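Below is one structure, written out as structure tokens; the observations come after it.
No lab work stands behind these numbers, since they all come straight from the coordinates. Just so we're clear, the structure is a prediction, and the values are computed from it rather than from any experiment. Cβ placement follows ideal geometry from the backbone for every residue including glycine, while neighbour counts extend to all protein chains displayed.
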Amino acid sequence: MLTNKPKTKILVDGGDPNETLRIKSLIGFVDGQTTNPSLIAKNPNIQRLIASGHTLSSEEENNEYKKIVQSISPLVGDAGVSIEVFADLKTTAEKMLAQGQEMFSWIPNAYIKYPCTHEGLRAAQMSVEKGIRVNMTLCFSQDQAAAVYAATMGSKSPVYVSPFVGRLDDRGENGMDLIRNIKKMYEHGDGHVHVLAASIRTVNHLLYSFALEAELATVPAKVLEQWTAKGFPMPDRDFTYKGVDTNGSLLKPIPYKELDLNLPWQSFNIAHELTTKGIQKFVADYESTLGRSA
Ligand code: E4P
């Protein structure tokens, strides 16, 4: 078990309470959990229902999601459980907010995930005004993180922003640079947004998240098991991170951008191809569990 707890909070990135329990007994604690539509579609109960020929209505899917997060909720610490709204590219902020409000009532430690899009940011702005905790997901750029900061100014609880490291690596860009850049940009801020390193694929991603002092990191069980098997290494003073792809080729650096966090959130250039693709993938995975696509 881990005795020297890192400053970075550790969340399990998954959709299965048994997995969370397994990791908790392995490490000794779990600070929180993140879920998303793709991870929920992979939940063993949902998979069993589908395998038996029973596809779900959206209401049943919602109930399954609720049951899953209600089982996870008491297992985790104060970083809470992130629950993602179902949004396609046309979903309005009002519709996201209505889902968010309902999901927020499911458990006492919920964070509601909205995408880093115009409508997602509007939903986040309305949510924080109502005291709903938020986690802004599918973040792929510093502009999006600046917009998250500006849109949620005044939030009483910490707001999470989730930059997706692995998906940037997948297309040849050094995803960890985005974490570094956002942390640097937020040094000029009031601290209300916490960086949650997401789409973590390797123990090295995790160690560099610790070294950069990301407030949180959400990590698949597989990577946490690898970290455990190595004896919970921590980055020392000499730790250096080399952004390379699976073939060992250097990833393209993502340069730092000077952005003014005090500008209105609408002034930032928040469009990103991977955010759009990410929403489409979540929609497809969600729909794969529903009756109409069976
Ligand atoms: C967590 O909040 C994210 O949804 C998750 O880390 C995405 O990971 P992936 O890029 O491996 O799907």
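Amide H contacts under 5 Å for Leu290: Leu56, restricted to partners 5 or more places along the chain or on a different chain, H placed in the peptide plane at 1.01 Å from N.
What share of the DSSP beta bridges in the range 110-262 is antiparallel, in percent to the nearest 5? Approximately 5 percent, going by the DSSP bridge assignments.
Once the C-beta distance of Ala98 and Arg171 is scaled by a Förster radius of 35 Å, the resulting FRET efficiency is 0.55 to the nearest 0.05. In the structure shown, the pairs Lys90/Lys257; Lys7/Lys184; Lys184/Lys257; Lys67/Lys113; Lys66/Lys277 are assessed against 21 Å; a Cα-Cα span above that value is assigned to Lys90/Lys257; Lys66/Lys277. Summarising the strand pairing of the chain, around 5 percent of its internal DSSP beta bridges are antiparallel.
Does the range 1-117 classify as rounded, prolate or oblate by the C-alpha gyration tensor (a ≥ b ≥ c root eigenvalues; a/c under 1.5 gives rounded; else a/b over b/c gives prolate, otherwise oblate)? Note, shape of the range 1-117 comes out oblate.
Determine, from the Cβ-Cβ distance of Thr3 and Ser288 and an R0 of 41 Å, the FRET efficiency 1/(1 + (r/R0)^6), rounded to the nearest 0.05. Before the final figure, lay out each step's value.
Details: r = 42 Å, r/R0 = 1.02.
Efficiency at R0 = 41 Å is approximately 0.45.
With both labels modelled 7 Å from their Cα along Cα-to-Cβ, the Asp245 to Glu60 distance reads 4.2 nm. Extending 7 Å from Cα along the Cβ direction at Asp236 and again at Ala221 yields two label points whose distance is 3.3 nm. For the range 27-53 versus the range 94-146, the inter-centroid distance based on Cα atoms is 21 Å. When only Cα pairs below 8 angstrom with a gap of at least 6 residues are kept, the range 1-123 shows a relative contact order of 24 percent.
Please compute the contact order of the chain in relative form: average sequence separation of alpha-carbon pairs under 8 Å and at least six residues apart, divided by the residue count, as a percent. Spell out each step's value before the answer.
Working: 541 pairs, mean separation 65.7, N = 294.
About 22 percent, as a whole number.
Spacing of the modelled spin labels on Lys90 and Glu258, each 7 Å from Cα toward Cβ, amounts to 4.3 nm. For Cys139, the residues whose amide H sits under 5 Å from its own are Ser162, Phe164, ignoring neighbours fewer than 5 places away on the same chain, with H placed 1.01 Å from N.
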